[in-house]
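To start, the structure itself, in structure tokens.
Read-outs: derived from the displayed coordinates by stated rules, not from any lab. The shown structure was predicted, so the numbers you read here are calculated from the model rather than taken from an experiment. Neighbour counts are summed over all protein chains in view; Cβ atoms, including those assigned to glycine, are modelled from backbone coordinates with ideal geometry.
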Amino acid sequence: MVVSGVAEDDVAAPTTRALALELAERKAAAVARSDGDAVVVGCDSLLEFEGRRHGKPAGARQALDWLRSMRGHHGTLFTGHCVIDERTGHQVSDVAATVVHFGTTTDEELEAYVASGEALAVAGAFTLDGRSAPFIDGIEGDPSNVIGLSLPLFRVLLSQLGIPITALWDR
């Protein structure tokens, strides 16, 4: 894995979906090499809750405020995906969206979770594959999207580049 180093704060887009896609495309482009032979995948996730975008929280207070407001409600997690075939230079991209239903958590649970530090490293201050997983009542859509890479969408994007997903099994 290569971290792109792309700054996220200066990117603007009219919708959460468009912003997630723009960030994913910038990240993939920053890593791809014109003389390489890799398949580069760039992704970025944002949670839209009550019309507001949530990336990674700026600090513990913000994470706690977000989590308190989300309990018992739902939001949509958008993950932008961009796949570049370095051998051909071709690029495809799209966005996966998954509705996340948040459980009704206690203040004590949320405070302990935020104190773990995990909430500060993830979009929307939660993750489906970590300590906050018990706080998610359910989802509508692809669970791998909530984790950060929609595997079904990834397979589709690869096929648009003429690459069967099974070709990656040998790499």
Quiz item: Hey, rough spin-label estimate for Asp35 and Leu149, points 7 angstrom out along Cα→Cβ, what's it come to in nanometres?
Solution: 2.6
Quiz prompt | Structure-derived P(r) over Cα pairs in 10 Å bins from 0, in percent: which label, when the choices are (i) 10, 37, 32, 16, 5, 0; (ii) 9, 29, 30, 18, 8, 4, 1, 0; (iii) 10, 34, 29, 15, 10, 3, 0 | solution = (i)
Exercise. Using a 10 angstrom cutoff on alpha carbons, build the Gaussian network for the chain and name the most mobile of Pro143, Pro14, Pro152.
Key: Pro14
Quiz item: ³J(HN,Hα) across segment 131-138 via Karplus (A = 6.51, B = -1.76, C = 1.60, θ = phi - 60°), whole Hz, x for Gly/Pro?
Solution: 5, 7, 3, x, 8, 9, 6, x
Quiz item: Projected onto the charge dipole of the chain (+1 at Lys/Arg Cβ, -1 at Asp/Glu Cβ, origin at the Cα centre), which of Val6, His90, Leu23 gives the Cα projection farthest towards the positive end?
Solution: His90
Practice problem: Treating only the Cβ atoms of Lys and Arg (+1) and Asp and Glu (-1) as charged, compute the dipole magnitude of the chain about its Cα centre; round to the nearest 20 debye. | Solution: 140
Quiz item: Of Thr79, Thr98, how do they rank once you tally other Cβ atoms within 10 Å and put the fewest first?
Solution: Thr98, Thr79
Practice problem: Report ³J(HN,Hα) in whole Hz for each residue of segment 44-59, in order, from the Karplus equation J = 6.51 cos²θ - 1.76 cosθ + 1.60 where θ = phi - 60°; Gly and Pro get x. | Solution: 8, 10, 9, 9, 9, 9, 6, x, 10, 8, 10, x, 7, x, 6, x
Quiz item: Just from its helices, what would the mean residue ellipticity at 222 nm be for the chain, if runs of 4 or more DSSP H residues each count -39500 (n - 2.57) and the sum is divided by every residue, rounded to the nearest 500 deg cm²/dmol?
Solution: -9000 deg cm²/dmol
